[in-house]
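K.L.:
Would you mind keeping the following structure in view while I ask a few things?
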Amino acid sequence: MTMSTVKDIETAIGKLTPQECEELREWFDEHHRPQPIDRRLRADLNAGRMDDRIQRALTDHTAGRTQPL
């Protein structure tokens, strides 16, 4: 059986036993963790190490020194 659409996957997940659902949750947690850069960025944001850069960007934008991407 091949899973070619999200709907197919949803249907298959709906047929899992509680034990199989738990195994799927564990597998997903193990294989889809944030990448190191994500963890580092979150840690930097939480520690306030990005505050000055964010403030500078907001100031530049307010002053009209930015352009759309």
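K.L.:
Please identify the trypsin sites (Lys or Arg not before Pro) of the chain that satisfy two criteria: DSSP loop assignment and at most 10 other Cβ atoms within 10 Å. Which are they? Present the calculation step by step, with values, prior to reporting the outcome.
P.N.:
Values: sites: Lys7, Lys15, Arg25, Arg39, Arg40, Arg42, Arg49, Arg53, Arg56, Arg65; in loops: Lys15, Arg49, Arg65.
Here the trypsin sites (Lys or Arg not before Pro) that fit, given the DSSP loop and packing criteria, are Lys15, Arg65.
K.L.:
How large is the charge dipole for the chain, taken about the Cα centre, if only the Cβ atoms of Lys, Arg (+1) and Asp, Glu (-1) carry charge, to the nearest 20 debye? Working shown, then result.
P.N.:
Numbers: 11 positive and 13 negative charges, 104 e Å.
It works out to roughly 500 debye.
K.L.:
In nm, to one decimal, how far is the Asp38 label point from the Val6 one, both placed 7 Å along Cα→Cβ?
P.N.:
1.7 nm
K.L.:
Mind sorting out which of [x] 52, 21, 14; [y] 57, 28, 16; [z] 36, 28, 24 is the real Cα extents along the principal axes in Å computed from the coordinates?
P.N.:
Looking at Cα extents along the principal axes in Å for this model, the match is [y].
K.L.:
Working from Cα positions, state the angle (0 to 90°, nearest 10) between the long axis of helix 18-31 and the longest principal axis of the chain.
P.N.:
It is inclined by approximately 40 degrees.
K.L.:
In degrees between 0 and 90, to the nearest 10, how far off the longest principal axis of the chain does helix 36-46 point, with axes built from Cα atoms?
P.N.:
Taking Cα atoms only, the helix is inclined about 50 degrees.
Values quoted throughout were computed directly from the atomic coordinates according to the rules given, and no laboratory measurement underlies them. These numbers were taken from a predicted model, which means no experiment stands behind them. Ideal geometry is used to build each Cβ from the backbone, glycine not excepted, and the neighbour counts take in all protein chains shown.
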